[in-house]
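Only the coordinates and a few stated rules stand behind these numbers; no lab work does. If you're wondering where the values come from, they're calculated on a predicted model, not measured in any experiment. Positions of Cβ are backbone-derived with ideal geometry, glycine not excepted, and every protein chain shown enters the neighbour counts.
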Amino acid sequence: MKLHDLKAGTNPRRLRIFLAEKGISLPTVQVDMSTGENHQPAYLALNPLGTMPTLELDDGTVLTESIAICRYFEALQPDPPLFGTSALERAQVEMWNRRLELELQMPIQHAFVHLSPFWQGRRPQVPAYGEVARARALEVMRLLDAEIGSRPFFVGPRYTVADITAQCALLLGKHTGTVIPPELGNLGRWFAEVSARPTARA
Ligand SMILES: N[C@@H](CCC(=O)N[C@@H](CS)C(=O)NCC(=O)O)C(=O)O
């Protein structure tokens, strides 16, 4: 098994934190995005989208999409459960993970792609759209602050993949100043707590 990773990437980080929570370590190679290695034929043969993470299994099967790879390891090693256990909890984790990925991570990612100098010359940039995305992410943070209230995590009493998604999205937000406004105390408290977990730097 081999993990094709990108140390600085948000989605690779989601997977690394997930694996660290389960105590799983994998043979890993770093893909060098700065030289365009992910758009070279050798990598595109594995993953035509040229994105990381990619997991290569021993029989040559390739898995992409961070959450799909997380699900693979959840099935192989259910403990600790990070996708919920009961029918209701599993649905709630799915609900929150999708909300957080689509409504928080996406606008933060769009702000990053359209506003950050990192993407200049790599992707077409529309700064005005980046600002719209940034504003949307901040609006969603306000909704999340009200939703999470004093709960320890997004779903029930347990840290799940939904928390990992939000935590990684908010880390990415720092590059464009898309950070939790100080008045959002509930979300700020949650973020400080998940960021203090031993796996947060995985
Ligand atoms: N939906 C995919 C997204 C993967 C993705 O976009 N990865 C980024 C890093 S966070 C990447 O590899 N970008 C390289 C590029 O777009 O050239 C997942 O969850 O794995």
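Note down the net charge around VAL31, summing +1 for each Lys or Arg and -1 for each Asp or Glu among other residues with Cβ under 13 Å from its Cβ. Charge balance in the 13 Å sphere: -2. For the stretch 2-76, the mean projected area of the C-alpha convex hull, equal to one quarter of the hull surface, is 4.7 nm². Highest mean packing first, where packing is the average number of other Cβ atoms within 10 Å per residue, the peptides 134-145, 28-39 line up as 134-145, 28-39. For the chain, the relative contact order works out to 22 percent when only alpha carbon pairs closer than 8 Å and six or more residues apart are counted. Charge tally for GLY156 (other residues, Cβ to Cβ under 12 Å; Lys, Arg +1; Asp, Glu -1): +1.
Note that the stretch 154-159 has calculated 3J(HN,Hα) couplings of 5, 10, x, x, 10, 5 Hz, one per residue in order, obtained from phi through the Karplus relation 6.51 cos²θ - 1.76 cosθ + 1.60 (θ = phi - 60°); glycine and proline are x.
Once you charge only the Cβ atoms, +1 for Lys and Arg and -1 for Asp and Glu, what is the size of the charge dipole of the chain about its Cα centre, to the nearest 20 debye? Spell out each step's value before the answer.
Values: 21 positive and 21 negative charges, 79 e Å.
Dipole size: approximately 380 debye.
The sum of -39500 (n - 2.57) across all DSSP H runs of n ≥ 4, divided by the residue count of the chain, sets its helix-only mean residue ellipticity at 222 nm to -15500 deg cm²/dmol.
How compact is the stretch 115-202 by the rule of thumb for globular proteins, expressed as Cα Rg over 2.2 N^0.38 Å? Intermediate results must be reported in sequence, preceding the final value.
Details: Rg = 14.4 Å, N = 88, 2.2 N^0.38 = 12.1 Å.
Rg over 2.2 N^0.38 Å, computed on Cα atoms: 1.19.
Computed from label points 7 Å out along Cα-Cβ, the spacing between GLN40 and ARG122 is 1.7 nm. Listed by chain and number, the lysines whose C-alpha is less than 20 Å from the C-alpha of LYS22, apart from same-chain residues fewer than 8 away, are LYS2, LYS7.
Given Cβ point charges of +1 (Lys, Arg) and -1 (Asp, Glu) and nothing else, what value in debye, to the nearest 20, does the dipole of the stretch 87-195 about its Cα centre take?
Details: 12 positive and 11 negative charges, 53 e Å.
Result for the stretch 87-195 is approximately 260 debye, rounded to the nearest 20.
Take every pair of alpha-carbon atoms less than 8 Å apart whose residues are at least six positions apart; their mean separation over the length of the stretch 1-64 yields a relative contact order of 43 percent.
Take the Cα radius of gyration of the chain and divide it by 2.2 N^0.38 Å, N being the number of residues; the result is 1.03.
Count the net charge of all other residues whose Cβ sits under 13 Å from the Cβ of ARG99, scoring Lys and Arg as +1 and Asp and Glu as -1.
Counting the neighbours of ARG99, the net charge comes to -4.
Only Cα pairs under 8 Å and at least 6 apart count here; give the relative contact order of the stretch 15-111 as a rounded whole percent. Please list the in-between numbers first.
On the way: 60 pairs, mean separation 19.1, N = 97.
Computed over the stretch 15-111, the figure is 20 percent.
Largest GNM mean-square fluctuation across GLY121, GLY149, GLY60, computed for the chain with C-alpha springs under 10 Å, falls on GLY121.
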